[in-house]
Amino acid sequence: QQISVRKATASLQVGNVAPDIDLPSPDGKNYKLSDLKGKVVLLDFWASWCGPCVKEIPHLKKAYETYHKKGFEILSVSIDRKKNQWLKAVDRYKMPWISVIDNAKNEEKITQTLYYVPSIPRTVLLDTKGKVIGKDFRGAALEQQLSKIFDN
């Protein structure tokens, strides 16, 4: 059942609470976005075959190393269709944060139903209550934003 693009777009408007996600990690355990309340969370929508997404990984690692102990978490949502390609990428890039996969049929993907993700990479930064702070922080922009939040 399709949700309207308008509603999915609204879910990512600054100030709105992001819809919950419940997806499997490489070890088969499911993670929910709602379990991360109390932390500042970056939703990172990506795929192993996406060059620009892979280029962001070093920036994500730097931000994660700097701010994870202060309450920052990354929930990386892969849209890879082939689970084995995603698993290889998670291992190859040594991503220390929570990685999950949304490899459902297109009409069931959260990136098509709950979230409007027209292209990747797409990032959505959430505050400790799960509300959207902003979108598409790339490169140094993510660390600058996290510095505003954590380095006061």
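Key figures
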item: Residues (hydrophobic (A, V, I, L, M, F, W, C), at pLDDT 75 or above and farther than 19 Å from GLY51 by Cα) located in region 101-123; result: LEU114
item: Residue tally, condition under 16 Å from the mean Cα position of the chain (by Cα) and aromatic (Phe, Trp, Tyr), over region 126-151; result: 1
item: Conditions (1) open to solvent by 50 Å² or more (accessible area, probe 1.4 Å); (2) over 15 Å from ILE79 (Cα atoms); (3) not in a strand (DSSP E or B); number of the one not met by ILE133; result: (3)
item: Top-ranked residue in region 92-141 [being of a type outside the set (Lys, Arg) and free of Cβ contacts under 8 Å to residues at least 24 places away in the same chain; ranked as farthest from ASP27 (Cα to Cα)]; result: ALA141
item: Among (1) in contact with a Pro (Cβ under 8 Å, 6 or more places away or on another chain); (2) at pLDDT 90 or above; (3) of a type outside the set (A, V, I, L, M) - the single one ARG138 does not satisfy; result: (2)
item: Pairs, first farther than 13 Å from VAL132 by Cα in region 13-35, second of a type in the set (S, T, N, Q) and in a loop (DSSP other than H, G, I, E, B), C-beta under 6 Å, six or more apart; result: TYR31/SER25
item: Residues satisfying the stated conditions in region 28-63, i.e. open to solvent by 20 Å² or more (accessible area, probe 1.4 Å), at pLDDT 90 or above and part of a loop (DSSP other than H, G, I, E, B); result: LYS29, LYS37, GLY38, LYS39, SER48, TRP49
item: Among residues of region 29-61, those that are in contact with a Gly (Cβ under 8 Å, 6 or more places away or on another chain) and over 21 Å from SER147 (Cα atoms), counted; result: 2
item: Residue within region 74-90 that is open to solvent by less than 30 Å² (accessible area, probe 1.4 Å), in a helix (DSSP H, G or I) and among the aliphatic types (A, V, I, L, M) present; result: yes
item: Residues being in contact with a Cys (Cβ under 6 Å, 6 or more places away or on another chain) and of a type in the set (Lys, Arg) - total across region 90-143; result: 0
item: Count of region 104-124 residues which are more than 20 Å from SER34 (Cα to Cα) and surrounded by 15 or more Cβ atoms within 10 Å (Cβ to Cβ); result: 3
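The values are calculated or read from the model by the stated rules, or taken from the named source; none is laboratory data. All of these numbers come straight from a predicted model, not from anything done at the bench. With ideal geometry, Cβ positions are generated from the backbone for all residues, glycine too; neighbour counts draw on all protein chains shown. With ligands, DNA and RNA removed, areas are computed over all heavy atoms of the protein, side chains included. Shrake-Rupley method; radii C 1.70, N 1.55, O 1.52, S 1.80 Å.
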